[in-house]
Structure formats: structure tokens, C-alpha cells
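Take a look at the structure below.
Read the figures in this text as sums done on the coordinates, not as results from a lab. As the structure is a prediction and not an experimental result, all values here were calculated from the model. Every residue, glycine as well, gets a Cβ built from its backbone with ideal geometry; the counts of neighbours run over all protein chains shown.
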Amino acid sequence: MRHYGQIAGRRAAIRAPKLLRCEELPRRGYYWPVTTTPSSSAEEDFCLRGDAALARAFAILGKRWSGVVLGSLSDGPAGFRELSRAINGVSDSVLSDRLAELTELGLVTRQVEPGPPVAVYYELTPRGRALLPALHEISRWAQEHLAPEAD
């Protein structure tokens, strides 16, 4: 069975961007210079296309609910049920999948407190907190430029 967002049950791989010398690049688009040591021993300056970095970022943030989950954790640790109530419209299975993916990427930590009952809390890592200013700007842009959804 094929689901939306899956390719025959496998995750789509994110390809590493091709590094080019800055003078080889077309004039269109934007680029970030990076210094790397290729197979030779001398360091050379290369440029990395900016859209390659955006594609990698939106491979994570473009999944439905990922940005909302990260934003919901901005106030501090939260349990699964607390997140489920805070994010209106997300199913438990999708929330569980997103939390597992964000944990695997190192953006969220999962903490288990033993005892009856066992408590599980999710919290942003420093890497996840580094995304909050960008998420805030995206939210501000959406408030200014997108019409609110009808209830």
C-alpha cells in the first residue's frame, strides 16, 4: 500500500549537493562560499548553492506538523498527550512519527521517567532551539501574507 509522502515504503534520500568553483557558477541563484579540502592536499574555495541547503532544511520542515511540533516545544518540555492537545488536528500516529523523526535528527530529546506510571517527555535540543528564530519569522510572514484558514 502506498501512502502520501512515501515512495514504496522507503524514505527519499537527500543527495549531497555538488560543490563547484565560484567562477564556474551561473549568475542566477544565490550561493554560499565554503572551504573544503578535496582529494588533493591543498584547500580550495568552493561555492555551495543556497537552494541545496534550503532543500535539505525543507525536507525536514516541509513535512506536515514538523514545524508545529518544534514550535509547540518552544515553551519547554511536554508530554505526548500535552502535545497532542496543543496541536489541533494531528493524529496520534502522525505525532508519534514526527517526534521519532525529530528525535532521530537530533532536534528533540525523548526523556523517560520510570515509575508507575511511566512518563515520557520531549524537549528541544540546542540544535532544535536554533530553529526557533526561523520558525518565528515564517510564522510572522504567514500572519502578514496568508489568509487565515476557515474553521
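Some observations on this one:
- Between L132 and A119, residue separation times 0.36 nm minus the direct Cα-Cα distance comes to 2.1 nm.
- Annotation: amide H of V108 within the under-5 Å range of T103, T125, sequence separation 5 or more or interchain, hydrogens built in the peptide plane.
- FRET E, pair E149, S74, Förster distance 25 Å, beta-carbon r, rounded to 0.05: 0.70
- At q = 0.14, 0.15, 0.33 Å⁻¹ the log10 of I(q)/I(0) for the range 103-143 amounts to -0.46, -0.51, -0.99, computed by Debye summation with a single uniform scatterer per C-alpha, solvent ignored.
- Per-residue Karplus couplings for the range 59-76, computed as 6.51 cos²θ - 1.76 cosθ + 1.60 with θ equal to phi - 60°, are listed in order as 5, 8, 6, x, 6, 4, 6, 4, x, 5, 4, 4, x, 5, 8, 5, 7, x Hz, Gly and Pro entered as x.
- In nm, spacing of pseudo-spin labels at A57 and E82 (7 Å Cα→C-beta vector): 2.8 nm
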